Amino acid sequence: MSERIGVYVCHCGTNIAGKVDIDKVVEFAKGLDDVTLVREYKFMCSDPGQSLIQKDIEDGLINRVVVASCSPLMHEKTFRNVCTRGGLNEYLFAMANIREQCSWVHVDEAQTTEKAKDLIEASVRRVALQVPLTKREVPINPQTLVIGGGIAGIQAALDLADAGKKVILIEKEPSIGGHMAKFDKTFPTLDCSACILTPKMVSVGQHENIELLSWSEVEDISGYVGNFNIKIRKKARYVDAELCNGCGACWEKCPGTRVPRKGNVHEKLSLGPTTSIYMPFMQAVPAIPVIDTETCIRFKNGKCGICAAVCERNAIKYDMEDEIVEFEVGNIILATGFQTFDPEPVKRYGYGRFDNVMTAIEFEIMNCASGNTGGKILMADGKEPKSIGIVHCVGSRDKHYNEYCSRVCCMYALKYSHLIKEKIDAEVYEFYIDLRCFGKGYEEFYDRLLGEDVRFVRGKVAEVTEVPIEEAEKGKLVVEVEDTLVGMVRRIPLDMVVLCTGLEAHESLPDVAGLCSVSIGKDGFVIEKHPKLGPVATATDGVFIAGCCQSPKDIPDTVAQASAASSAVLSMITREKIEIESATASVDEDKCSGCKLCNSLCPYLAIKYDEEKGVSVVNEALCKGCGTCAAGCPSNAISAKHFEDRQIFAEIKGILSA
Amino acid sequence: MTFEPKIVGFLCNWCSYTGADLAGTARIKYAPNIRSVRVMCSGRIEPTFIIKALFEGADGVLIAGCHPGDCHYQEGNYKALRRHRLLQRILPEYGVEPERVRLEWIAASEGERFATIVNEFTEQIRELGPLGVKESLAEAMKDDIDHHEEHIEESGAANEA
Amino acid sequence: MKLKGGIYWGSGCGGCDVAVLDIHEKILDVAEKVDFLFWPIALDFKYDDVRAMDDGEFDLVLYNGAIRNSENEEIAKLLRRKTKTLVALGACAHIGGLPSLANYHTKQSMFDRVYSETESTDNPDGTVPLEKSIVDGNGLELPRFYNTVKTLDQVVDVDYYLPGCPPVPQQIVNALTAVFNGELPPKGSIIGAGTRTLCDECPREKEEKEISEIKRPLNMIPDPEKCLLEQGLICLGPVTREGCGARCINSGVPCRGCYGPLEEVHDQGIRMISALASVLGPKEEKEIDAVLDGIVDPLRTFHRFSTAASILRRKMI
């Protein structure tokens, strides 16, 4: 029986019609086999456009639909829904991408029109062979995994837990808190970071709906949306969390040194105890120390044991081993955060060569009241600096390192200026390319700084050197910079230089993203489902993102995204069920010879060999429809639904028929 | 008329098709000779698709998938690579220049790279000239004619008489 | 009334005719039911005898061998007219068979090789066969040697296919019995073979596969219990229709694919490329290539019997 195919050609305003001769395309489509009607419209995706299609289906004029418009990645869902509303199985629809891969990318109108025709013919031939598929639903496990215990993970976990949903929050460091726990003040309000973060951390620690696994890493993730199986490695702490009461006797007596005791001020910077058994900082949640086996004397030569001896609760367990725990969750929120750019390779800035060149994070720790300098700003030799230069865009907006803007550096740099001015009597220079003060209250903060006697020099710093040219430069760090406002190269002698190192995705992200089948962009951050309309979701259903794993963000944006991610998860949980991929692989048992060639091809272990029947079978709940097995099956017993051989052959023929 | 190569692209949904879309969104112009077939994963691409495309008139075939390690389905692209390496070995035996079938890794963020590859590939195929499998087959068989056809027709006619 | 039957060989080795005789004493049952009016390898008939028959007079003709020259085609067309049922017997008529390996060459290159270049050729005058020549004043005609070997169904309409090189005799009996009893399946069907691949009837144990080295039978003694492919031997069993009873496999020799592909497999050899490459171990290009180096002459190995029926059919000229 021949099919009745309706072809709908979209002008997309002038986006398509400006390059593709719609009349010619329509005439062409009318002549194709099985095409019963062809319509054109300015915007097929608009309400009236959608109604056109729906009505034709309802009127019984057509039983297959081809829309020639934008990319299926853009509107496939939209038009599939139209089909469903009209009463047509949504898999009897095909899309011809005549915008993103045609009208937008080619110059010659005649050639672009020809290409549009070929793409439409391919879709028409393909759709004629498509078959209805049934939607399948799977239940959603209401438990959620949050990976990363920085402010993003904390916020997401609390939102979900407060809504009564169970959360597993895992953090690879001994404590949650992330970078925010290292800050003294936050811009632009100058809130005390600890004051706003600590209560949240405590809530996480105490929340009945949150299972907190610190000092833990994701080992494996399998399954699919609504039904993920998670394996987590709880790294050995060597301290029994049940017994430890966080008294601190162990680190007070520990002779091991995690942070060197000798050396200059900058080398000794630390927020928590500098011993081998330590807490990363005193407000840590959980408030349980961990042994750093790299420096612990006991682990090096077995000769110590002081911490165990002084622990009244016998909580120290040197023989503790990593433990693998497993969970089932319905959704995953990635909140793996950032790490700062390592400025060492930028030799001209002297980091690692000059004692008084420091990174922003080091400067944060030094400023933190709970750090071991007590929040004092000191040079490496312990003296107070008389002049400090702050160098912007180190590793950001730089083709050699990261092209993107790290978004937070301008503002934290301004915060530094303010803190310096507040704490000591020093000259402060800000060396900037552009000051980007885009957030709420940010411009006002900048304006305030302009009144605090901070010197702003517009120009990218060329070099930080110790080689003096003039007398005044002797014994100083000299910043050489082209002041683009004055139009001259300046050399400014300073006591100390802070490098505003940019934000990069955390080094653990690629592994974790890989486990979740989430893609990473060339900037190193997670690719979101849609840059504008899907910024908290990913291409993998059930995996959401929050905070700096997506892109550099400040705290307010991070918190907002975390709440958005948790709300997206809540919406999934509330639905209780979700439709999953219908375009899976399936085995024709009459053809399968049980050669077991396909079984190892499935990355999701969805293919099992049925001993009784002597054939392989696909577990369609696990299958994600990649089609690798169908391509590998030697006897064509496996077909990839919606991407069947004959459908693809038809498409190839259509493309090449002209 | 100048030779305009016909190029069929097989693009994986998650990286390369998205990358090709990005070229569109960014309005990067490239040669109009490619027409792409979207598959979910480069692991779905059977060598038979490629052979079929060549037979149906393609002068070149571009297969594109996620970069190694980035496959949305974990390892489909490795399978594509292995099939490609083996297919490359047999193409010359068919008299088809192996350069006509090209495998590239194109990420979702690499719109510009997609455009560059398509341009480069189009030019390469233009230089190689038309493939013309069907034409070549017809040429190879043009003298494979049985002259007795008429004779049989005659004898058939005689029989009926 | 006895049926009228014919057996003909096109470009083949005669193995299929022998396979018909290999049905042993059952040939007597066949002879009881069928009058063979044409069987060049066994009985003396002339083409003109066939030409003189009525169209559709034969009930059944088994055509074995590929179409390699004009004579093969001429008689294929003649027999098609004269028979009610035409069966492509054996791999050559079915999918081209070994003769179609010649499709990776041309007529010219083969003539050059055979009539002047081989190590044993002594042909100083460069004599080659001519379609028309005069000998002692008489015109002499030879069939035209084709550039491209074809399957039977590439020149005439075929009713049934009986695959194999050669077909298993019992299957010939089965097919003939089906004809006698009027129990033939729909036109175009494969008769006398199964619907799955050889792995289905292969008795060897199969596991999930990961191949990291390709081996050849001459270099190893394979484990008699385990899948040959898993042992690194190129076995075409996974892409080949079952029906032979795994006769090669049972002798420790990998399947070479004579029974042809399953339905809807468009190209047996190319399908094997996909299947085999899928289960190779390495992921790095260099390591993959190192494994592939172990496959001697991949195209002809994968297309040993099926070149004429493959998508590209021949080497381009």
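Out of the range B:2-33, which residues are among the basic types (Lys, Arg) and in contact (Cβ under 8 Å) with a residue 60 or more places away in the chain?
Step one: of the range B:2-33, the residues among the basic types (Lys, Arg) are B:6, B:27, B:29.
B:Lys29 - this is the single residue of the range B:2-33 that is among the basic types (Lys, Arg) and in contact (Cβ under 8 Å) with a residue 60 or more places away in the chain.
Checking A:Thr134 against (1) assigned to a loop (DSSP other than H, G, I, E, B); (2) open to solvent by less than 50 Å² (accessible area, probe 1.4 Å); (3) farther than 30 Å from A:Asp557 by Cβ: exactly one of these is not met. Which one?
The single condition A:Thr134 does not satisfy is (2).
State all residues of the range A:40-54 that are outside any helix (DSSP H, G or I) and touching a helix residue (DSSP H, G or I) at 6+ places or on another chain (Cβ under 6 Å); if no residue qualifies, say none.
A:Glu40, A:Tyr41, A:Phe43, A:Cys45
Among (1) without any contact (Cβ under 8 Å) to a residue 40 or more places away in the chain; (2) closer than 16 Å to A:Lys596 by Cβ, which single condition is C:Pro254 missing?
Of (1) without any contact (Cβ under 8 Å) to a residue 40 or more places away in the chain; (2) closer than 16 Å to A:Lys596 by Cβ, only one is false for C:Pro254: (2).
Can you confirm whether A:Cys45 is surrounded by fewer than 23 Cβ atoms within 10 Å (Cβ to Cβ), in contact with an Asp or Glu (Cβ under 9 Å, 6 or more places away or on another chain) and assigned by TED's automatic domain parsing to the domain that holds A:Cys10?
Numbers: surrounded by fewer than 23 Cβ atoms within 10 Å (Cβ to Cβ): yes; in contact with an Asp or Glu (Cβ under 9 Å, 6 or more places away or on another chain): no; assigned by TED's automatic domain parsing to the domain that holds A:Cys10: yes.
So A:Cys45 fails the test.
Have a look at A:Ala621, A:Ala630, A:Ala606, A:Ala583 and point out the one that is at the interface with another protein chain (Cβ under 7 Å from one of its Cβ atoms) and within 26 Å of A:Gly226 (Cβ to Cβ).
From the options A:Ala621, A:Ala630, A:Ala606, A:Ala583, the qualifying one is A:Ala630.
Among A:Lys460, A:Lys476, which is the only one that is assigned by TED's automatic domain parsing to the domain that holds A:Gly395, among the basic types (Lys, Arg), touching a Phe, Trp or Tyr at 6+ places or on another chain (Cβ under 9 Å) and open to solvent by 30 Å² or more (accessible area, probe 1.4 Å)?
Numbers: A:Lys476 fails: touching a Phe, Trp or Tyr at 6+ places or on another chain (Cβ under 9 Å).
Just one listed residue meets the conditions, A:Lys460.
Is it the case that A:Lys596 is surrounded by 18 or more Cβ atoms within 10 Å (Cβ to Cβ), assigned by TED's automatic domain parsing to the domain that holds A:Leu622 and among the basic types (Lys, Arg)?
When the stated conditions are applied, A:Lys596 passes them.
Sort out which residues of the range B:39-53 are out of contact with any Ser or Thr (no Cβ under 8 Å at 6 or more places or on another chain) and more than 7 Å from every other protein chain (Cβ to nearest Cβ), and write them in order of number.
B:Ile50
Evaluate the range A:436-454: report whether one residue or more is more than 21 Å from A:Tyr351 (Cα to Cα), touching a strand residue (DSSP E or B) at 6+ places or on another chain (Cβ under 9 Å) and either open to solvent by less than 10 Å² (accessible area, probe 1.4 Å) or of a type in the set (S, T, N, Q) (or both).
Yes, the conditions are met somewhere in the range A:436-454.
Do you know which residues across the range A:328-353 are more than 19 Å from A:Lys172 (Cβ to Cβ) and aliphatic (A, V, I, L, M)?
A:Val346, the sole residue that qualifies.
In the range C:214-225, is there at least one residue being part of a loop (DSSP other than H, G, I, E, B) and within 22 Å of A:Ser639 (Cβ to Cβ)?
Checking the range C:214-225: not a single residue is part of a loop (DSSP other than H, G, I, E, B) and within 22 Å of A:Ser639 (Cβ to Cβ).
Does the range B:90-101 include one or more residues that are β-branched (Val, Ile, Thr), within 10 Å of chain A (Cβ to nearest Cβ) and either closer than 21 Å to A:Leu601 by Cα or in a helix (DSSP H, G or I) (or both)?
Checked against the condition, which is being β-branched (Val, Ile, Thr), within 10 Å of chain A (Cβ to nearest Cβ) and either closer than 21 Å to A:Leu601 by Cα or in a helix (DSSP H, G or I) (or both), the range B:90-101 yields no hits at all.
Would you tally the residues in the range C:131-179 being in a helix (DSSP H, G or I) and either modelled with pLDDT under 95 or within 14 Å of another protein chain (Cβ to nearest Cβ) (or both)?
13
For A:Val394, work out the one condition from (1) within 26 Å of the chain's Cα centre (by Cα); (2) open to solvent by 10 Å² or more (accessible area, probe 1.4 Å) it doesn't fulfil.
Among (1) within 26 Å of the chain's Cα centre (by Cα); (2) open to solvent by 10 Å² or more (accessible area, probe 1.4 Å), A:Val394 violates only (2).
Go over the candidates A:Pro174, A:Pro142 one by one and state the one that is assigned to a loop (DSSP other than H, G, I, E, B), open to solvent by 10 Å² or more (accessible area, probe 1.4 Å) and not hydrophobic (A, V, I, L, M, F, W, C).
A:Pro142
Please go through the range C:180-212 and pick out each residue that is out of contact with any strand residue (DSSP E or B) (no Cβ under 7 Å at 6 or more places or on another chain), within 14 Å of another protein chain (Cβ to nearest Cβ) and outside any helix (DSSP H, G or I).
C:Thr195, C:Arg196, C:Glu201, C:Cys202, C:Pro203, C:Lys206, C:Glu207, C:Glu208, C:Lys209, C:Glu210, C:Ser212
Enumerate the pairs (first residue in the range A:588-602 and more than 11 Å from C:Thr195 (Cβ to Cβ) and among the hydrophobic types (A, V, I, L, M, F, W, C); second residue anywhere and in a loop (DSSP other than H, G, I, E, B) and open to solvent by 20 Å² or more (accessible area, probe 1.4 Å)) with beta-carbon separation below 7 Å, excluding pairs fewer than 6 apart on the same chain, so at least 6 apart or on different chains.
Going by the 7 Å Cβ cut-off, the qualifying pairs are A:Cys595/C:Lys206.
Given the criterion open to solvent by less than 20 Å² (accessible area, probe 1.4 Å) and in contact with a Phe, Trp or Tyr (Cβ under 7 Å, 6 or more places away or on another chain), identify the matching residue among A:Thr293, A:Thr275. Quick ask: steps written out before the conclusion?
On the way: A:Thr293 fails: open to solvent by less than 20 Å² (accessible area, probe 1.4 Å).
Just one listed residue meets the conditions, A:Thr275.
Inside the range C:270-317, can you point out the residues that are open to solvent by 30 Å² or more (accessible area, probe 1.4 Å), of a type in the set (Lys, Arg), at the interface with another protein chain (Cβ under 8 Å from one of its Cβ atoms) and in a helix (DSSP H, G or I)?
Of everything in the range C:270-317, just one residue is open to solvent by 30 Å² or more (accessible area, probe 1.4 Å), of a type in the set (Lys, Arg), at the interface with another protein chain (Cβ under 8 Å from one of its Cβ atoms) and in a helix (DSSP H, G or I), namely C:Arg300.
State whether one or more residues within the range A:537-544 are open to solvent by less than 10 Å² (accessible area, probe 1.4 Å), in contact with a strand residue (DSSP E or B) (Cβ under 8 Å, 6 or more places away or on another chain), β-branched (Val, Ile, Thr) and within 11 Å of another protein chain (Cβ to nearest Cβ).
Yes: one or more hits.
The values are calculated or read from the model by the stated rules, or taken from the named source; none is laboratory data. Keep in mind that what you see is a predicted model, and the values were worked out from it rather than measured. Please note: Cβ atoms are built from the backbone with ideal geometry, for glycine as well, and neighbour counts cover all protein chains shown. For accessibility, only protein heavy atoms count, side chains too; no ligands or nucleic acids. Shrake-Rupley method; radii C 1.70, N 1.55, O 1.52, S 1.80 Å.
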